[in-house]
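**Student:** Have a look at this one before I ask anything.
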Amino acid sequence: MAKHTIVLIPGDGIGPEVTRATRRVLEAAGLSVEWVELPAGAAALEQGFDTVLPQRTLAAITAHKVALKGPVTTPVGKGFKSVNVQLRQKLNLYAAVRPVRSLAGVKTRYEGVDMVIVRENTEGLYSGIENEVVPGVVTSLKVASQAACTRIARFAFRYATRRHRKQITVFHKANIMKMSDGLFLDCARKIHEEEYPNIDYQELIIDAGCMKLVQDPARMDVLLMENLYGDLVSDLCAGLVGGLGVVPGSNIGDDAAVFEAVHGSAPDIAGKGIANPLALIMSGVMMLNHLHEEVIAAKIRTAYDAVLSAGKHLTRDLGGQAGTDEFADAVIAKF
Ligand code: NAD
């Protein structure tokens, strides 16, 4: 088996705990890997860098093309631009992919949820263009470009085709933001009509879409949306299947990919050894599939599904008593 070189960013808060657990699981499952561990976020400042995203970290991801990343804290109000926004923009990681599925053993209000959120990752209100027009009046600019809207639409349809998904639903607010969300819709319609007419396509105004999500999420398949909507809807959907501890994610570009959970650095539980590592382990499984290590990926997925079904080693967010390491050990014991 080829040895992979993967950049590992432990991150802040619960980041080091969940990345350590994930790394153990991946290695125990048989992944041959050399980790290149580098900091980002508050950890980078603590290690003496003068920026939250050191050039060395960025250069390593560019060189090795794959990173597994723990959540990071961007200090608020100190003039630092978000690490995540910088990473996505500088590495052109234009597609965030977040699968959300019901898990046997994790009790929630819903059953049969199996959807994927595809979020545009580089523009919208995250362009960072803000102005003070006159004192007391500020604006934030929502950017939509035809190139980026077309790129994410094509990505979503290609993803749906490869994964044998049947339907794409675009969430939008084009009734209000006629130009920016209007362009997003135009691009999605064009890709559907010209390139993927076989995939069922529908559009929902986002407020009605959110209502449908909580009424009957099992009807949803692939959801496509711009940056801010994708951020909000990801957490909403996490809540449908057991919370932030069970939803993985990836940020994909043409030249690099960064895998990370949807959750943040959870300062309220950091350092206590109780964080659920599953979301990052699942992100690791997505990374393995990206690296064509499908056998190891399937082995890990089968193992954590079995641990969840058995219900003995659930972490506190899922109603159990297990700590981070105990959960990881239980997964490893299933190999
Ligand atoms: P959060 O996701 O860190 O926490 C929200 C709630 O979910 C908290 O109660 C937390 O304890 C719980 N939670 C999150 N992950 C968990 C896990 N793995 N196991 C058990 N419980 C878990 O969101 P927040 O509190 O809004 O943000 C905290 C910090 O994280 C902020 O600085 C924010 O900017 C950052 N953040 C980073 C990322 C990232 O790096 N990808 C994403 C979101 C937020």
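The values are calculated or read from the model by the stated rules, or taken from the named source; none is laboratory data. Model, not experiment: these values are computed from the prediction. Note that we place each Cβ from the backbone using ideal geometry, even for glycine, and neighbour counts take in every protein chain shown. Please note that ligands, DNA and RNA were not included when accessible areas were found on the heavy atoms of the full protein model with its side chains. Shrake-Rupley method; radii C 1.70, N 1.55, O 1.52, S 1.80 Å.
**Student:** Looking at this structure, is Gly242 within 11 Å of the ligand (Cβ to nearest atom) and in contact (Cβ under 8 Å) with a residue 40 or more places away in the chain?
**Tutor:** Judged against the criteria, Gly242 is a match.
**Student:** In the list Ser140, Ser145, Ser180, which residue meets the criterion of being over 15 Å from Glu193 (Cα atoms) and crowded, with 21+ Cβ neighbours inside 10 Å?
**Tutor:** Of Ser140, Ser145, Ser180, the one residue that is over 15 Å from Glu193 (Cα atoms) and crowded, with 21+ Cβ neighbours inside 10 Å is Ser180.
**Student:** Which of the residues spanning region 75-108 are over 18 Å from Gly124 (Cβ atoms) and not hydrophobic (A, V, I, L, M, F, W, C)?
**Tutor:** Of everything in region 75-108, those that are over 18 Å from Gly124 (Cβ atoms) and not hydrophobic (A, V, I, L, M, F, W, C) turn out to be Pro75, Gly77, Lys78, Gly79, Pro99, Arg101, Ser102, Gly105, Lys107, Thr108.
**Student:** Another question about this same structure. I'd like the residue in region 13-38 that is within 19 Å of the chain's Cα centre (by Cα) and open to solvent by less than 10 Å² (accessible area, probe 1.4 Å) and, out of all such residues, is farthest from the ligand (Cβ to nearest atom).
**Tutor:** Restricting to residues being within 19 Å of the chain's Cα centre (by Cα) and open to solvent by less than 10 Å² (accessible area, probe 1.4 Å), the top hit is Leu26.
**Student:** Scan region 252-261 and give yes if some residue there is within 15 Å of the ligand (Cβ to nearest atom), out of contact with any strand residue (DSSP E or B) (no Cβ under 6 Å at 6 or more places or on another chain) and either more than 30 Å from Phe171 (Cβ to Cβ) or of a type in the set (A, V, I, L, M) (or both), otherwise no.
**Tutor:** So far as region 252-261 goes, yes, one or more of its residues are within 15 Å of the ligand (Cβ to nearest atom), out of contact with any strand residue (DSSP E or B) (no Cβ under 6 Å at 6 or more places or on another chain) and either more than 30 Å from Phe171 (Cβ to Cβ) or of a type in the set (A, V, I, L, M) (or both).
**Student:** Let me ask something additional. I'm checking my understanding of the structure. Among residues of region 7-52 that are among the acidic types (Asp, Glu) and touching a Ser or Thr at 6+ places or on another chain (Cβ under 8 Å), which one is farthest from Ile332 (Cα to Cα)?
**Tutor:** Asp12
The rows are residues; the columns are (1) out of contact with any Gly (no Cβ under 7 Å at 6 or more places or on another chain); (2) within 18 Å of Ala257 (Cα to Cα); (3) part of a loop (DSSP other than H, G, I, E, B).
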| site | (1), (2), (3) |
| --- | --- |
| Ala2 | yes, no, yes |
| Thr5 | yes, yes, no |
| Leu8 | yes, yes, no |
| Asp12 | no, no, yes |
| Val18 | no, no, no |
| Ala21 | yes, no, no |
| Glu27 | yes, no, no |
| Gly30 | yes, no, yes |
| Ala43 | no, no, no |
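**Student:** I would also like to ask the following. Filter region 260-287 down to the residues that are of a type outside the set (D, E, K, R) and touching a Lys or Arg at 6+ places or on another chain (Cβ under 7 Å) and list them by number.
**Tutor:** Val262, Ile274, Val285
So that you can scan it fast, the table gives a plain yes or no per residue for (1) within 16 Å of the ligand (Cβ to nearest atom); (2) of a type outside the set (Gly, Ala, Ser):
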| position | (1), (2) |
| --- | --- |
| Asn289 | no, yes |
| Ile300 | no, yes |
| Val307 | yes, yes |
| Thr315 | yes, yes |
| Gly320 | yes, no |
| Asp329 | no, yes |
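**Student:** Whether any residue in region 318-330 is open to solvent by less than 30 Å² (accessible area, probe 1.4 Å), closer than 20 Å to Trp35 by Cβ, of a type in the set (A, V, I, L, M) and part of a helix (DSSP H, G or I) is what I want to check.
**Tutor:** Within region 318-330, one or more residues are open to solvent by less than 30 Å² (accessible area, probe 1.4 Å), closer than 20 Å to Trp35 by Cβ, of a type in the set (A, V, I, L, M) and part of a helix (DSSP H, G or I).
**Student:** Can you pull out every residue in region 288-315 that is closer than 14 Å to Val18 by Cβ and either part of a helix (DSSP H, G or I) or open to solvent by 20 Å² or more (accessible area, probe 1.4 Å) (or both)?
**Tutor:** The answer is Tyr304, and nothing else.
**Student:** Any residue in region 48-63 that is among the β-branched types (Val, Ile, Thr), away from the ligand (no atom under 15 Å from the Cβ) and closer than 21 Å to Ser127 by Cα?
**Tutor:** Scanning region 48-63, I find at least one residue that is among the β-branched types (Val, Ile, Thr), away from the ligand (no atom under 15 Å from the Cβ) and closer than 21 Å to Ser127 by Cα, so the answer is yes.
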